[in-house]
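The values are calculated or read from the model by the stated rules, or taken from the named source; none is laboratory data. Keep in mind the model is a prediction, meaning the values are calculated, not measured. Here the Cβ positions follow ideal geometry from the backbone for every residue, glycine too, while neighbour counts run over all protein chains shown.
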Amino acid sequence: MGPVVVTCDGCGVRIRIPKPEAALDRQCPRCSTPLVSALTKILEAETPRDPILEIELDGSPEPPRLANTPTKASGVGLLVACSLVFVGSALMLGLWLAWQGELTLVSTPEPTRPPALTVSVRNPSEPGRVCPAENAVPPAVARTLVATTTPAATAPEAKLAEGEVTPPAPNPLLVASTSTEPLTEREPTPATVLTPEPIEPKLQPTAEPPSPPPAPAPAPAERREKRVRIRTKSGETVVARVHGQADGKTCVLLPNGELGFTTGLAETDEPFHPATRAQIQQELTQAGPFAEFEVLQSEHYLVLYQSSTPFAEASIKLLENLYENLSDAFRKRELPIHEAEFPLVAIIFQTEKQFRAHQPVDADVQAYYEILSNRIYLYEKSERDQQSPEVAALRKPQTVAHEGTHQILQNIGIHPRLAAWPLWLVEGFAEYCSPPTMTRRGAAWGGLGQVNPMHMATIHDLDDPASLFVKGAERQRLGRDRRKPLVEYLITRASLTPTDYALSWALTHYLAMKKGTEFLAFIRTMSALPPLEERTPDQHLASFRDAFGTDLAKLDKTVAGYLSKLKFDPLPYYAVVFEQPIAGNQIRRATIVSQSPSMIRQWLSQINDSNGGQYSWDVFPHPTRARAQLAAEQWISNH
């Protein structure tokens, strides 16, 4: 008898068994329920196997390529999507984010060691806000989103490894295999978008509108929204579309996909024509900071890069696959989406120094999505890469995927640009879509909905009393405020700390996997929010309760129980040492032991004395907490 698919009597997951006659002693890899009953029924009835699951994995698969990868299921998955393997350096040490006790969709992964400290942390701001365009942006919306991304690929057919767990139908939302590191947001900075000015139609002739693209992608139904004629700061007259209004300002969408603000309107019946790819490319490269950049194009993306060509090519493939995966997943769940109206622009600098010279951002910001310009900004190399090569390798696909998720959601109709989504959802969903992994050929996107071991390490550390405080004159708490339930805490936050990103991921992961129907309905509700409409934390809390119930304390316990059952490759214990020159020619030294890269980053930001000199720190991994603690104490005593 050939391979069969059985349903676990305990948890309901579907499991593929290649040889049922020899597997009567098998147990469910998720809940350990014996499968003998289900297998016996199939053997007696000689039920044919599920034709969808016929394909077996080659026993010795080729190394991952920049192409489609099979989908990996986790729990009662939400949005089954496919994955893209983003190929990193072949010299990087591999790390498989495989689950203990469960077999992954990638057959026979090579043993690898866990990643070192991850350093991508940002100080997020309110979602659905924009950077001020020099007195043009209403105060209520003066914030900009920042993130990180990796694309998902569309696999023609999902292949199952022996014993692999797949979500029972109907499955809720997004699940695929590829991911990235946590994203963050930065404080508002002057936007590069032009501020339109209204003109009198009689006094200023309208420039001939650009010809529409050869094969325009379907976009939202031609809007009954107002169209206006405006003159940009460059003196060009264009037809723009009203995007939203607030505080006496009108936000307009320009033909190149940028957003701008004006205080007056000159309405017109002339059609709105999105700029062509060639027009946008010419606008960006004919002059200005990107004039010397190379250009790559794909179906949905326009990438301008100073980086190496392989990195740019890998990034655009990742982004394109992510776009297709997310779009397919939403369509399958009947969430209303549309094709992006404009080419999605990504700017890749060669070095971190060039990235920061273009736009002053916080030191921990490693990439960002700028809402007004509708562009992603990132870089390839940093001087810090040599300090933690494993972390640097993992950072790249996660950063691309995280930021790409923000950009895609705000261009296909899921998250309207400038719509005030709750911050936990903005960042939690991006984290859900961007977990990183290591393959035998280097760093790659882990896939939609996969377990993120770095976030799990953070959550474990938050539950460890020894990790909750920073020792010193000012005893600062690193964990969340436990006087509030997790949901209420996250929703009422004005910004997210590095550890809050892990909590946002955890909440999103639970809702997507266990509350799929309610989560889809919640996404639909959020998608209907209009741009620029102010929403308070209380309103976000009310929306959450309407969707998921009012007993937040009970939900807290349920989420904690769910997380405790997730399996992942544990990270080492890191002994972190810190030094900083302070007044009086003295050196301030401190240490911390943690498994969580996010916890460490948050500790470093809190222990830094703003009045001191440039601080330095180093990280040493150890197999146990006791070994790490001993190493930290010895370092202190030796200094």
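Looking only at residues of segment 408-445 that are in contact with an Asp or Glu (Cβ under 7 Å, 6 or more places away or on another chain) and not in a loop (DSSP other than H, G, I, E, B), we find that the one that is modelled with the lowest pLDDT is Pro436.
Return yes when Ala266 is within 26 Å of the chain's Cα centre (by Cα), modelled with pLDDT under 95 and of a type outside the set (Phe, Trp, Tyr) and no when it is not. Answer is no for this residue.
What is the residue count in segment 495-530 for residues that are surrounded by fewer than 21 Cβ atoms within 10 Å (Cβ to Cβ) and outside any helix (DSSP H, G or I)? Count: 4. Can you tell me which residue in segment 338-383 is nearest to Leu394 (Cα to Cα), limited to those that are outside any strand (DSSP E or B) and of a type in the set (Phe, Trp, Tyr)? So the residue we want is Phe355. Taking segment 255-298 as the range and being part of a strand (DSSP E or B), surrounded by 13 or more Cβ atoms within 10 Å (Cβ to Cβ) and among the acidic types (Asp, Glu) as the test, only Glu294 passes. None of Ser327, Ser308 is buried (at least 16 other Cβ atoms within 10 Å of the Cβ) and within 27 Å of the chain's Cα centre (by Cα) except Ser327.
Residue-by-condition table, conditions (1) surrounded by fewer than 17 Cβ atoms within 10 Å (Cβ to Cβ); (2) farther than 18 Å from Arg384 by Cβ:
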{"residue": "Gln595", "(1), (2)": "no, yes"}
{"residue": "Ser598", "(1), (2)": "no, no"}
{"residue": "Arg601", "(1), (2)": "no, no"}
{"residue": "Ile607", "(1), (2)": "no, yes"}
{"residue": "Asn611", "(1), (2)": "yes, yes"}
{"residue": "Gln614", "(1), (2)": "yes, no"}
{"residue": "Val619", "(1), (2)": "no, no"}
{"residue": "Ile636", "(1), (2)": "yes, yes"}
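Residues Leu571, Leu563, Leu604: which one is assigned to a loop (DSSP other than H, G, I, E, B), out of contact with any Leu (no Cβ under 8 Å at 6 or more places or on another chain) and not small (Gly, Ala, Ser)? Among Leu571, Leu563, Leu604, only Leu571 is assigned to a loop (DSSP other than H, G, I, E, B), out of contact with any Leu (no Cβ under 8 Å at 6 or more places or on another chain) and not small (Gly, Ala, Ser). Scanning segment 535-550 for residues that are surrounded by 14 or more Cβ atoms within 10 Å (Cβ to Cβ) and of a type in the set (D, E, K, R) yields Arg535, Arg545.
Arg241 falls short on exactly one of the conditions (1) buried (at least 23 other Cβ atoms within 10 Å of the Cβ); (2) touching a Lys or Arg at 6+ places or on another chain (Cβ under 6 Å), and that condition is (1). Inclusion of Ala246 among residues that are at pLDDT 50 or above, in contact with a Gly (Cβ under 8 Å, 6 or more places away or on another chain) and closer than 22 Å to Pro416 by Cβ is not warranted. Screening Ile414 against (1) crowded, with 24+ Cβ neighbours inside 10 Å; (2) farther than 15 Å from Phe311 by Cβ leaves a single unmet condition, (1).
Under the condition of being of a type in the set (Val, Ile, Thr), under 16 Å from the mean Cα position of the chain (by Cα) and closer than 20 Å to Lys514 by Cβ, the residues counted in segment 437-460 number 1. Test Pro397 against the criterion of being more than 19 Å from Glu431 (Cα to Cα) and surrounded by 23 or more Cβ atoms within 10 Å (Cβ to Cβ), and give yes or no. Judged against the criteria, Pro397 is not a match. For Ala466, the criteria (1) surrounded by fewer than 20 Cβ atoms within 10 Å (Cβ to Cβ); (2) among the aliphatic types (A, V, I, L, M); (3) at pLDDT 80 or above hold in every case but one, which is (3). Would you point out which residue out of Leu372, Leu418, Leu335, Leu394 is farther than 25 Å from Ile280 by Cβ and touching a strand residue (DSSP E or B) at 6+ places or on another chain (Cβ under 8 Å)? Just a single option satisfies the conditions, and that option is Leu394. Just one of (1) touching a residue at least 40 places away in the same chain (Cβ under 8 Å); (2) under 25 Å from Tyr510 (Cα atoms); (3) part of a helix (DSSP H, G or I) fails for Ala628. It is (2).
The number of residues in segment 355-373 being charged (D, E, K, R) and more than 19 Å from Val345 (Cα to Cα) comes to 2. In the list Gln602, Gln539, Gln595, Gln606, which residue meets the criterion of being more than 24 Å from the chain's Cα centre (by Cα), outside the structural domain of Cys28 (by TED's automatic domain parsing) and modelled with pLDDT under 90? None of the other options fit; the residue is Gln606.
Is it the case that Arg375 is surrounded by fewer than 24 Cβ atoms within 10 Å (Cβ to Cβ) and modelled with pLDDT of 90 or more? The answer is yes for Arg375.
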